1. Exactly one of these conditions fails for Gly309: (1) closer than 30 Å to Asn221 by Cβ; (2) small (Gly, Ala, Ser); (3) part of a helix (DSSP H, G or I). Give me its number.
2. For the condition free of Cβ contacts under 8 Å to residues at least 60 places away in the same chain and not small (Gly, Ala, Ser), what is the one hit in Val264, Val254, Val226?
3. Please work out if Asp176 is assigned by the TED database to the domain that holds Arg124 and either under 30 Å from Thr363 (Cβ atoms) or open to solvent by 40 Å² or more (accessible area, probe 1.4 Å) (or both).
4. On the given criteria, is Lys322 open to solvent by less than 30 Å² (accessible area, probe 1.4 Å) and either of a type outside the set (A, V, I, L, M) or in contact with a helix residue (DSSP H, G or I) (Cβ under 6 Å, 6 or more places away or on another chain) (or both)?
5. Of the conditions (1) on the phi < 0 side of the Ramachandran plot; (2) surrounded by 14 or more Cβ atoms within 10 Å (Cβ to Cβ); (3) touching a helix residue (DSSP H, G or I) at 6+ places or on another chain (Cβ under 9 Å), Gly294 fails just one. Which one is it?
6. With the requirement that a residue be buried (at least 19 other Cβ atoms within 10 Å of the Cβ) and acidic (Asp, Glu), what does the stretch 224-251 give you?
7. Please verify whether Ala355 is farther than 30 Å from Ile296 by Cβ, open to solvent by 60 Å² or more (accessible area, probe 1.4 Å) and among the small types (Gly, Ala, Ser), treating the condition exactly as stated.
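The values are calculated or read from the model by the stated rules, or taken from the named source; none is laboratory data. Since the model is a prediction, treat every value here as computed from it, not as a measurement. Every residue, glycine as well, gets a Cβ built from its backbone with ideal geometry; the counts of neighbours run over all protein chains shown. Surface areas here come from the heavy atoms of the whole protein model, side chains and all, with no ligands, DNA or RNA. Shrake-Rupley method; radii C 1.70, N 1.55, O 1.52, S 1.80 Å.
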Amino acid sequence: MWGGRFSSSPSALMEAINASIDFDRRLAAEDIQGSIAHSAMLAKQGIISESDRDAIHQGLQRVQAEIESGSFTFSKALEDIHMNVESRLREIVGDPAARLHTARSRNDQVAVDVRLWVRSAHDRAEAQLTDLIRALLDKAEAHAATVMPGFTHLQGAQPVTFGHHLMAYVEMFGRDRGRFRDSRRRLNESPLGAGALAGTSFPIDRHMTAKALGFDGPTRNSLDSVSDRDSLLEFMSAAAICAVHLSRLAEEIVIWMSAPFGFVRLPDRWTTGSSMMPQKRNPDAAELVRGKTGRIFGSLMTLLTVMKGLPLAYAKDTQEDKEPLFDAADTLELVLAATTGMIRDLEPVPERMAALAGAGYSTATDLADWLVRSLNIPFRDAHHITGRIVAEAEKLGSLLQDLPLAVMQSVEPRIHEGVYNVLSVENSVRSRTSFGGTAPARVAEQIAWWRERV
């Protein structure tokens, strides 16, 4: 490749640091797809002959078949997937292969290859998120009225339903799906034809190649086209935020399965045992979803750091974009699949949830609200009165719903028997009827709204 300018071969170390074929071979299908579109355009524009185009297409199809069958021999001396494909093409079809690279640089070639690849990664992520959302909707619908403790600061706060809790994750993953969709729309421009950095003097038709490759149109600046990696950064940013949500859900599964809680069970397929303690059932799948979040964060930081100081236009630093991209995408696919499987197989333990739903005086807010509604007491005063009543209940070791009326009246004499209508966990949950609230009727509305959108 360098014979016209260099008189000697690169050193072994230069070859080792320069070669990318060990990882960018994953772009083979995209590279061949781009070359077919490019050569078809060259022929239409009269830049190469139709016979050369036909030979190139037949040869590229054979190369792809060899790669798919595993019979293709990749060479590190040829550096990357582009030169490996082109070299083999020349062995198959001869001189027509040498015309393929007319009006094209490896700079715009790799830019279109990786953009095609990451576009597919967006589509896979969206499809997996849709599956996960459906799994959460199914589980939430089955448990729209299953009472459980709600927490703030991981302390008992107010009772909610398990369905409502799961629907919070539907909201999160719905936003993630929106981020991938938004990023995909923005990336869908073709850099092919930008050349090394300045375009080309050949009469190419960039709109033709863009359309052939499924892009909305060509990019508008050749310098930016070959040096931009925003589409990768946006994908990895969306993946990192999605991983945060997956990790939060995984952490809750770990907590829910622990002995002090016992809210849910997972079957054997998602748990492991201990080499020493025969009684153990460890939620390792959830722990690994939580742990692999760090890989996705690290991949994003790697590429951000690679890109942060690069002047225009192309620099070889951007060769370092692919390994973090591939790792982030692979990891995201794995943890999305594992999380979806766990949600489908997860079984709540309603009696355990209900037993703890009233702990920590979780209906105290209902008492304060009742004082406001029934006795016309200002909320700040009702808040203070309720705090004193909770203190009395704590002294007696009593739940609020079991506290004698006389004790409550010793704090606020106007309290009457009607207060007991709001102190049970079930009544508390049913009363939360504000839009987006935890009342089972509201949860059912949330589920129906989301089902229409997935």
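1. (3)
2. On inspection, the qualifying residue turns out to be Val254.
3. no
4. Yes.
5. (2)
6. Asp228, Glu234
7. yes
Rundown of residues vs (1) assigned to a helix (DSSP H, G or I); (2) surrounded by 20 or more Cβ atoms within 10 Å (Cβ to Cβ), yes/no style:
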{"position": "Glu126", "(1), (2)": "yes, no"}
{"position": "Leu132", "(1), (2)": "yes, yes"}
{"position": "Leu137", "(1), (2)": "yes, yes"}
{"position": "Glu141", "(1), (2)": "yes, no"}
{"position": "Gly156", "(1), (2)": "no, no"}
{"position": "Leu166", "(1), (2)": "yes, yes"}
{"position": "Ser183", "(1), (2)": "yes, yes"}
